[in-house]
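This report concerns only the one structure given below.
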Amino acid sequence: METIEAIKPGPKPKKEDGTLDERRRVTPEKKEDYPPLKEHDHKKND
């Protein structure tokens with residue numbers, strides 16, 4: 001029987017005070033550096 005292993009997430013960035021920063025968002029000042037996400041269609045009953 002095969003075992004299923006979970007994918008481990010990478011390390012979180014550290015904040016100035018040394019604690020881990022768990023946010024994964026783009027700040028408003030940096031938003032223009034990132035291209036907008038592509039539109040996608042949802043399938044019915046999805």
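The values are calculated or read from the model by the stated rules, or taken from the named source; none is laboratory data. Computed from a prediction, not measured in an experiment: that's the story for all the values here. Heads up, the Cβs are rebuilt from the backbone with ideal geometry, glycines too, and the neighbour counts pull from every protein chain shown. Note: areas computed on protein heavy atoms with side chains; ligands, DNA, RNA excluded. Shrake-Rupley method; radii C 1.70, N 1.55, O 1.52, S 1.80 Å.
Mind checking the full-extension length gain between residue 33 and residue 2? Use 0.36 nm per residue of separation minus the Cα-Cα distance, one decimal, nm.
Details: separation 31, 0.36 × 31 = 11.16 nm, distance 4.35 nm.
Stretched fully, the residue 33-residue 2 segment lengthens by 6.8 nm.
Simple spin-label model, 7 Å along Cα-to-Cβ: residue 45 to residue 25 in nm?
If labels sit at residue 45 and residue 25, their model points lie 3.6 nm apart.
In square angstrom, what is the accessible area per residue of the chain with a 1.4 angstrom probe?
Numbers: 5820 Å² over 46 residues.
Each residue of the chain exposes 127 Å² on average to a 1.4 Å probe.
May I have the pair-distance distribution P(r) for the chain, computed from all Cα-Cα distances with 5 Å bins from 0 and rounded to whole percent?
So the P(r) values, bin by bin, are 4, 12, 10, 13, 15, 17, 14, 9, 4, 1, 0.
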